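Reading through the structure tokens given below for one structure.
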Amino acid sequence: MRLQYILTLFITYCILLLSALTSTDLLAQSTGTLSGYVTDSRTGEPLIGANVGIEGTSRGASTDSDGFYEITNIEPGSYNITATYIGYEPQRQVNINIRSAGNRSINFELTPTAEQLEEIVVSVSEPFRAPPENPVSFRRLSPEEISTYPAGNSDIAKVVQSLPGVSGSVTGFRNDVIIRGGAPNENVYFLDGIEIPTINHFSTQGSAGGPVGLLNVAFFDGVDLSTSAFNASASNALSGVLRFNQRTGNDREFRTNFRLGASEAALTTEGPLFKGDDSFSNTTFIASVRRSYLQLLFQLIDLPFLPDYWDYQYKVNHNFNSRNRVSLTGVGSIDDFRINVPDDITPDQQAILDQVPVIRQRSNTTGITWQRRMSDGNGISRTSLSRSWFYNDFLRYRDNENEEGLFSRNRAREWRKTLRSEFTFFRDRSTITTGGSARVNTFRNDFFDENTDVAFDSDLSFLSYGAFVQWSSEGLSDRLDLTAGIRFDGNSFTDSGNEIYRTLSPRAALSVKLDEAGRWNSVISAGRYFKKPPLNLLGYQENGEFVNRDTRYIRSDHFTGGINFFPRPSTKISIEGFLKLYDHYPVSSREGVSLANLGGGFEVLGNDNVESAGKGRTYGVEFLTQQTFETSYYAILAYTLFWSEFTGFDRDLYLPSAWDSRHLLTFTGGYRIGNSWEFSLRTRLLGKTPFAPINEERSIETYPAFVFDYNRLGDERLRPFHATDIRVDRKWDFTNFSLDVYFEIQNVFAQNTPSEPSYLLQNGSDPELVRVDQLSESSILPTIGVILDF
């Protein structure tokens, strides 16, 4: 009743606020400004006199001697923008929101037109363009798609779940990214080319999932997701590569964005540094800080745990000239996962209170990148130096309420210091990129666990390294594009780490236009990929010895193929099949389960003696139809039918994995009415997900930790998962600021979230585990948010 009363008051407040704001409509009659730069994509030189126009209007501008353009007095709304220049291919950006304040710079990098290219092809919308080195299994998300995603709370890990083959965890307060049946730890993440170990608060060590994202989407110029055919420059990817492309701060004026969402408040500011009396500055910054108030809401509704977090993000950019640029970027988090004892505790709350860990985490990644373009326009070099630090204090108590009876502690620190360099050379319509990296890995862990009778104080440091080359050709023939690459990786710690022939990973992809207009094309790819085991697995000790030095790089062979159809530039229909074959997957010596099934909970992945004995396979087919937001609506409909199976020590016995949901259906769409209202909807359907039941006899001895019977994984499955969320945005444009108020309803149809059985230990002369009814997870959750730009 208490929760229902709070929600009733909250909805009433939302309605009153929206009504009050709507009454100010007549005051909101301001115009906006569009600006940015047009440059040569190869040399970085400004293109003087390039034309930038707003489709459907007579408004436009030409660039000045700096390549800068500015179009003023634009009626607020969403537009498609085109840049053209003689001798260069035109470029088009769609669904660009123009407001009275807070508009991001819209920059264009135009590519010289090949003289021999006389064929006229259909103009594919920019979101559908795949890079030549990754022509298959590639998706791109724009800032506009990210910012208005229903129930996404501006969390990129949730937004990518609208794409085919990408799902999240079904149960628990989690935010894992599961791609094509692979484990959450099979993905890698890059922030402007700097690898970051995690994108979530309260991250699972050894994996990457957590309850909420730590990246501020206000920084993004776009997000690229590859689910196969990875560029050879990316190491340690088995299922996915996510590249977050940050924008630079405004070089002419200071701007501020404030966002108040369902669980946090964020402040972002940007502008020029050392500008003086000049019209623009060569040095810019953008920085943000976010603070959670989720812990206050959880305490208000008497939940047994309180997640409390901060995060920060920044980027400083300096242009020495058109050819040389240096940028400093950083991101970090401060996380505390505390216990809260409800006043009138129920059995389901008691179960959570008993079993939830106490977590304190800190993370930070800082990197500096120097980009240099060759003066003749035939190449680019990028060199970066970065440092990542991750601290995880993971504690388990017999008595969480008083934090007494500590029976398990994982107090770990990870450092990664990385030097990465790559060179790209342009030759007519082909591109060659080569490079390498070296990383000093340091790991320390003060660990003990009474249930497994293991304790150690680990101190590990070693070198890992890799090198690659990637060649791509656009227009190998009139209808044929080809890319191929190879890389190797090694390290100085594992027994076979310096045997780099074991990690040679070739890959190739072929794209064929099936008709002269380019509306139909087919793509196929094959590749071999490797991943180094996580640091905490390598740093695990027994009797003072590193027992996992004999582990090998996990291997995954990918085979993909598909057909794309573009009935119009703004519409894409595709079907794609995939097969992933795994080998050398670590298998727990204690439980006999492949680590491919772990990493999706509040745990630490890798504190175990393992053998590289496991195999696996995931395979399926994806269907996608997508309409970009060029007019008044957008839509993404994606369906994936897949299987995910892994072995333990018996390499011939494949069992369904913890991610084997079989069916994944998502629909995301939005409709815009005029320039002020926007309606969005997201619905998801996930098939029955397997889970491992607990071993009750052994769990009585280890409670509140559980022992699972992984031999029965797949015997039981959760109910199918379904949820629908809606969002309504109302936008106002005033003279000096713009305002966006949005109202969301999550789980509109009050569907129950599937969950694994919950147990309490009943003490006495004959202790036993008693199954308890869990907290209702079928509540309709309304939220309101405010976005202010000035």
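Every number in this text was worked out from the coordinates using simple rules, so none of it is lab data. What you are looking at is a predicted structure, and each value in this text was computed from that prediction instead of being measured. When we count neighbours, we look across all protein chains shown, and the Cβ atoms used for this are built from the backbone with ideal geometry, even at glycine.
One chain, two ends: S381 and V440. Fully extended at 0.36 nm per residue, the span grows by 19.0 nm beyond their Cα-Cα distance. Shown is the FRET efficiency for N282 and R549, computed with R0 = 56 Å from the Cβ-Cβ distance and rounded to the nearest 0.05: 0.70.
For the residue pair Y312 and F734, what label-to-label distance in nm results when each label sits 7 Å from Cα along the Cα-to-beta-carbon direction? Modelled inter-label distance: 3.0 nm. When only alpha carbons of segment 468-618 are considered, Rg and Dmax amount to 20.3, 67 Å. Total lysine pairs in the chain at Cα distances under 21 Å, for residues eight or more apart or on different chains: 11. Both numbers refer to the Cα atoms of the chain; Rg and Dmax are 26.4, 87 Å.
Does anyone have the angle between helix 2-22 and the longest principal axis of the chain? Alpha-carbon axes, 0 to 90°, nearest 10? Helix 2-22 sits roughly 10 degrees off the main axis of the chain. Per residue, the convex hull spanned by the Cα atoms of segment 420-497 amounts to 133 cubic angstrom.
Could you tell me whether segment 198-282 comes out rounded, prolate or oblate from its Cα gyration tensor? Rule is a ≥ b ≥ c as square roots of the eigenvalues, rounded for a/c under 1.5, then prolate if a/b exceeds b/c, otherwise oblate. Taking the square roots of the gyration eigenvalues as a ≥ b ≥ c, segment 198-282 is oblate.
The Cβ shell under 9 Å around S505 holds other residues with a net charge of +3, Lys and Arg each +1, Asp and Glu each -1. Given their separation in residues at 0.36 nm each and the Cα-Cα distance between them, F565 and E70 gain 174.6 nm when the chain is fully extended. In segment 354-429, a dipole from Cβ-located charges (positive for Lys and Arg, negative for Asp and Glu) runs towards its positive end, and of F425, L406, Q361 it is F425 whose Cα lies farthest in that direction. Going by the alpha-carbon gyration tensor, a ≥ b ≥ c the square roots of its eigenvalues, is segment 163-319 rounded (a/c under 1.5) or, if a/c is not under 1.5, prolate (a/b greater than b/c) versus oblate? Oblate, since a/c reaches 1.5 and b/c is not below a/b. Here, P(r) means the percent of Cα pairs in each 10 Å bin from 0 to the largest distance; for segment 657-761 it is 13, 27, 22, 18, 12, 7, 1.
Applied to segment 268-283, the Karplus parametrisation 6.51 cos²θ - 1.76 cosθ + 1.60 on θ = phi - 60° returns per-residue 3J(HN,Hα) values of 10, 9, 8, x, x, 10, 6, 6, x, 9, 6, 6, 8, 10, 7, 10 Hz, with x for Gly and Pro.
Share of antiparallel DSSP beta bridges in the chain, in percent to the nearest 5? If I count the DSSP bridges inside the chain, around 95 percent turn out antiparallel. Summing charges over all other residues whose Cβ lies under 12 Å from the Cβ of T783, with Lys and Arg as +1 and Asp and Glu as -1, gives -2. Here the chain is assigned +1 on the Cβ of each Lys and Arg and -1 on the Cβ of each Asp and Glu. Its dipole about the Cα centre then comes out at about 1660 debye.
Placing unit charges on the Cβ atoms of the charged side chains and taking the dipole of the chain about its Cα centre, the candidate lying farthest along the positive direction among S327, S167, L655 is S327. Charge tally for V52 (other residues, Cβ to Cβ under 12 Å; Lys, Arg +1; Asp, Glu -1): -1. With the helix formula -39500 (n - 2.57) applied to DSSP H stretches of n ≥ 4, the chain reaches a computed 222 nm mean residue ellipticity of -2000 deg cm²/dmol.
Model label sites at Y633 and D344, defined 7 Å from Cα along the beta-carbon direction, differ in position by 4.8 nm. With θ taken as phi - 60° and the Karplus curve 6.51 cos²θ - 1.76 cosθ + 1.60 applied, the whole-hertz 3J(HN,Hα) list for segment 53-67 is x, 9, 4, x, 9, 9, 8, x, 7, 10, 7, 8, 5, 9, x Hz, x standing for glycine and proline. Our coupling estimate for segment 720-735, obtained by passing each phi through the Karplus curve with A = 6.51, B = -1.76, C = 1.60 and θ = phi - 60°, is x, 9, 9, 8, 10, 10, 10, 9, 10, 10, 10, 10, 10, 10, 9, 4 Hz, Gly and Pro reported as x.
The amide H of N340, built 1.01 Å from its N in the peptide plane, has F305, L306 as neighbours under 5 Å, considering only residues 5 or more places off or on other chains. Computed over segment 204-309, relative contact order equals 18 percent, with contacts defined as Cα pairs under 8 Å that lie 6+ residues apart. With r as the distance between the Cβ atoms of E89 and K417 and R0 = 35 Å, compute the FRET efficiency 1/(1 + (r/R0)^6) and round to 0.05. It comes to 0.30.
Residues whose amide H falls under 5 Å from that of S758, counting only those 5 or more places apart or on a different chain, are V772, with hydrogens built in the peptide plane. In this structure the amide hydrogen of E542, modeled in the peptide plane, comes within under 5 Å of the amide hydrogens of V547, none closer than 5 places in sequence on its chain.
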